[in-house]
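Before any comments, here is the structure.
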Ligand code: PBG
C-alpha cells in the first residue's frame with residue numbers, strides 16, 4: 001500500500017485555510033441591481049414570473065434605492081415602463097419621460113452613494129416591441145432599421161445623461177451604437193460619462209420573464225436579426241467586443257451569464273484591463289426561484305455558487321436580481 005505524498009485536500013481541511021487560498025470572492029460593490037420603474041404613486045406591482053421583483057413608481061423606487069445603497073451595492077440599472085408606446089418609442093427621448101424623471105429623483109436623494117445606470121434601448125417604448133425603428137427590407141420582411149435607430153439612440157442617451165445618469169448601458173445590439181452614442185455625448189460635454197455596452201448579447205430564451213416585467217415582448221418576429229446566435233462561433237463575440245471597444249465602450253457586458261461562461265472567460269483572456277460585466281438574467285433568476293419554492297434547491301447556496309462561477313470565469317461586475325439578498329448573505333458571519 002502506498003500513500004499519496006501530494007495531497008490536494010491539505011488545503012481543504014481547515015476553513016480558515018480554504019478562505020485564505022481562495023481566489024474568487026464576491027463583493028456587494030461589484031453588483032448591480034436591475035429595477036423596473038413606471039408612473040403613478042405608491043405602486044409596487046409584483047412581477048409574477050420574478051418573485052420579489054416589482055414595477056415601482058418613482059416614490060417606491062427611491063425607497064428601494066435607499067435600501068440598496070445602505071447594503072453597499074455598487075449600482076442599479078433602470079428599465080422604464082412608459083404609459084404610452086408608439087412606433088419610435090418617443091417616451092424614451094422625452095426629458096420628462098419615465099427614466100429621466102426616475103434618474104433625477106434617485107440622484108436627488110442619493111447623490112453619489114449609488115451608481116445609477118440606465119438601459120438605453122427602445123423595446124420597452126415601442127408598440128411593436130422591437131429595439132428600434134422598423135423598416136421594410138427589399139424582401140418585404142419588416143426589420144429594425146439600424147442607422148435610423150442610431151440617431152434615436154444618441155437622442156435617448158443624451159436625455160439620460162442630462163437627467164444625471166452615471167453610466168449608460170446600450171442594449172439594442174445595433175451596429176455602430178457605441179460610436180453614435182459616444183459622439184452625441186461628447187458633442188454635448190458629457191465626455192466623462194462611461195458607457196457599459198451590452199457587447200455580446202445573445203438572442204436568448206432566458207429573457208422570457210423580463211419581457212413580462214418590462215412589457216417588451218416583440219409583437220411580431222423575434223430579435224434574431226440583431227442579437228447574437230447562441231450557436232455562432234465564439235470568435236463572433238470577440239469581434240462584437242472589439243468593435244465596441246474601438247468605438248469607445250468603457251466596459252463591456254456579456255449576456256446571459258451562466259450559459260455563456262465560456263464567452264466570459266474568452267473575453268477575459270483576450271482583453272486584459274477591460275472591465276467585464278455579466279448579466280445573470282431573468283430566466284436564470286426565475287428557474288432557481290421556482291425550484292427553491294418547491295424545496296428542490298437551496299436558494300442561497302445555489303445563488304452564491306452561481307455568482308462565484310460567473311466571477312471565476314472572469315466577470316468583474318454582475319447584474320443580478322439577487323443583489324440585495326447577496327449583500328445580506330455576504331454580511332452574515334462565515335460558517
Ligand atoms: C433589452 C433588454 C432585455 C434585457 C435587458 N435589456 C430583453 C431583451 O433583449 O429582450 C433582458 C434582461 C433579463 O432577462 O433579465 N432592452
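Highest GNM mean-square fluctuation among 188, 146, 53, for the chain modelled with Cα contacts below 10 Å: 188. If you take the Cα centroid of the stretch 127-151 and the Cα centroid of the stretch 194-235, the two points sit 16 Å apart. Please label the shape of the stretch 214-335 as rounded, prolate or oblate, based on the square roots a ≥ b ≥ c of the eigenvalues of the alpha-carbon gyration tensor (a/c under 1.5 means rounded; beyond that, a/b larger than b/c means prolate, else oblate). Here the stretch 214-335 falls in the oblate category. Only beta bridges with both residues in the chain are counted; by DSSP, about 15 percent of them are antiparallel. Measure nothing but the geometry: give the 0 to 90° angle between the long axis through the Cα atoms of 261-270 and the longest principal axis through the Cα atoms of the chain, rounded to 10°. Approximately 90 degrees, to the nearest ten.
How far is helix 98-110 tilted, in degrees, relative to the longest principal axis of the Cα atoms in the chain, given as a value from 0 to 90 rounded to the nearest 10? For 98-110 against the chain, the angle is about 50 degrees. Multiplying the residue separation of residue 67 and residue 17 by 0.36 nm and removing their Cα-Cα distance gives an extension gain of 14.6 nm. For the listed peptides 250-256, 221-227, 158-164, a ranking on the average number of other beta carbons within 10 Å per residue, highest first, reads 250-256, 158-164, 221-227. The mean sequence separation of alpha-carbon pairs under 8 Å and at least six residues apart, normalised by the residue count of the chain, gives a relative contact order of 18 percent. With contacts taken as Cα pairs under 8 Å and at least 6 residues apart, the stretch 27-131 reaches a relative contact order of 29 percent. Seen against the Cα atoms of the chain and their longest principal axis, helix 299-313 is set at about 80 degrees. Using only helices, what value at 222 nm comes out for the chain when you add -39,500 (n - 2.57) per DSSP H run of length 4 or more and divide by the total residues, to the nearest 500 deg cm²/dmol? Result for the chain: -12000 deg cm²/dmol, rounded to the nearest 500.
Relative contact order for the stretch 281-335: 36 percent, from Cα pairs under 8 Å spaced at least 6 residues apart, divided by residue count. Here the Gaussian network model covers the chain, with springs between Cα atoms less than 10 Å apart; of 171, 48, 286, 48 fluctuates the most. Computed over the chain with a Gaussian network model linking Cα atoms closer than 10 Å, the most mobile of 259, 313, 49 is 259. Were the residues from residue 6 through residue 329 laid out at 0.36 nm apart, the gain over their Cα-Cα distance would be 112.8 nm.
Read-outs throughout are calculated quantities, based only on the coordinates presented, and are distinct from any laboratory measurement. If you're wondering where the values come from, they're calculated on a predicted model, not measured in any experiment. Because the Cβ atoms are built from the backbone with ideal geometry, glycine has one as well, and the counts that use them run over all protein chains shown.
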